[in-house]
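Values in this text are rule-based calculations from the coordinates and carry no lab data. Not measured: the values here are computed from a predicted model. Cβ: placed from backbone, ideal geometry, glycine included. Neighbour counts: every protein chain shown.
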């Protein structure tokens, strides 16, 4: 085990599957104590088993799109780790559809989880992060929030909001020694992309200079760097991890 994050207390939202699960695994592998919040209890149990360290990895079933759920997630991380050093706002949903047919519900649902949830968790965690000697806030955005994507007006707006939110909070917390950055994944191999027809997957790959979809480990590795002591002078940045798609 790499002990570079030994004793570091982390909170990861949306940690039960996909990118979030890999982030949880990498942070635990590096010695951190990790609480992850999600609403998928069955997948969460698999995540804990996958880490092989149930004593340093705890799950809380919480809806971070609510003030109460976000505060409960932060409290759980503080309880496990005796404080809070790193927050990864990863929870997100999609409700794709063309703008003209997009329902009010689909618009509000995506903004509520992806953007408002990030706000609720960050607000609840800020005082704890300021007390840490290595406060780190890492928001998972998306290249869609930088370049847009047809059929994802709600998702693009939410992730564009996360980018702007990241820069504003980075300016607010810099004087307190807390770094705030965003990671913007491109097309990553997850359950969602695995369901794509072969032709659609090939078309996606053709838009990426490196010629392939990314892996969840590509995102988790950048998150782990931003959470490390080596990234202590990096703040207010949006790091695209997209195979060169938005270069």
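Some notes on this structure:
- Between the alpha-carbon centres of the stretch 1-40 and the stretch 205-247 there is a gap of 17 Å.
- Cα long-axis angle, helix 67-81 against the chain (0 to 90 degrees, to the nearest 10): 50
- Note on residue 198/residue 98: beta-carbon distance plugged into 1/(1 + (r/R0)^6) with R0 of 25 Å gives a FRET efficiency of 0.55.
- Taking the C-alpha atoms only, the angle from helix 216-227 to the longest principal axis of the chain is near 40 degrees.
- By the count of other C-beta atoms within 10 Å, a proxy for reagent exposure, 25, 67, 159 are ordered fewest to most as 67, 25, 159.
- In percent, rounded to a whole number, the relative contact order of the stretch 125-240 is 33, using alpha-carbon pairs under 8 Å and six or more apart.
- With the convex hull of the Cα atoms taken as the outline of the chain, the averaged projected area works out to 12.8 nm².
- Ranked for footprinting exposure by Cβ neighbours inside 10 Å, fewest first, 175, 103, 142 give 175, 103, 142.
- Global geometry of the stretch 112-158, whether rounded, prolate or oblate, following the gyration tensor of its Cα atoms and the 1.5 cut on a/c: oblate
- Computed over the stretch 76-210, the P(r) curve from all C-alpha pair distances, binned at 10 Å from the origin, holds 12, 36, 30, 17, 5, 0 percent per bin.
- Highest-MSF residue in the chain out of 79, 105, 68 [GNM, Cα springs under 10 Å]: 105
- 0 to 90° range, to nearest 10: angle between helix 18-29 axis and the chain longest Cα axis: 30
- Residues 9, 206 in ascending order of nearby Cβ atoms (within 10 Å, fewest first): 206, 9.
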